[in-house]
Amino acid sequence: MAIHYYAEDIPAPAIKRRKVSAWIKEVAAGHGYKVGEISYIFCSDEKILEINRQYLRHDYYTDIITFDETEGETISGDLFISLETVKTNAEKFHTTYEEELHRTIIHGILHLCGINDKGTGEREIMEKEENRALALIRD
């Protein structure tokens, strides 16, 4: 069981992989899950738009697309992250690129743990869980 990091059509981000992987496992455990096979694929806006159109029939840019392969209490999946959108969001929300990247990374994990953000009140729950998780990596 492992967490993998790939870059599709752009340079990989400078993240502390061991620290981030340990953090992901800690957050998952806090929600009652173990980590199975997780693959992060960092890509461009154009690549994520292509994936969004092809697999989800959505015609817009996004920061993350999560393909959930979770079975039981073991989370697994492929998570595509557009680093260009992460950078744009960091500027938009007046935060650092690193913090926004961490938020996006953990957002996908929270989805795999069953937390949604589309329905009434769900976005607030997701934000609360993201903020709680972000506090752990800052320690």
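The values are calculated or read from the model by the stated rules, or taken from the named source; none is laboratory data. Quick caveat: nothing in here was measured; it's all calculated off a predicted structure. Ideal geometry is used to build each Cβ from the backbone, glycine not excepted, and the neighbour counts take in all protein chains shown.
Annotations
- Failed item, numbered, when HIS4 is tested on (1) within 21 Å of ASN131 (Cβ to Cβ); (2) at pLDDT 95 or above: (1)
- Of the residues making up segment 38-95, those that are among the aliphatic types (A, V, I, L, M) and in contact (Cβ under 8 Å) with a residue 12 or more places away in the chain are ILE38, ILE41, ILE48, LEU49, ILE51, ILE64, ILE65, ILE75, LEU79, ILE81, LEU83, VAL86.
- Pair list, Cβ under 6 Å, 6 or more apart: segment 114-129 residue surrounded by 12 or more Cβ atoms within 10 Å (Cβ to Cβ), other residue among the acidic types (Asp, Glu) and not in a helix (DSSP H, G or I): ARG123/ASP117; MET126/ASP117
- Restricted to segment 1-112, the set of strands (runs of 3 or more DSSP E) holding at least 2 residues that are surrounded by fewer than 17 Cβ atoms within 10 Å (Cβ to Cβ), over 11 Å from the mean Cα position of the chain (by Cα) and of a type outside the set (S, T, N, Q) comprises 2-7, 34-43.
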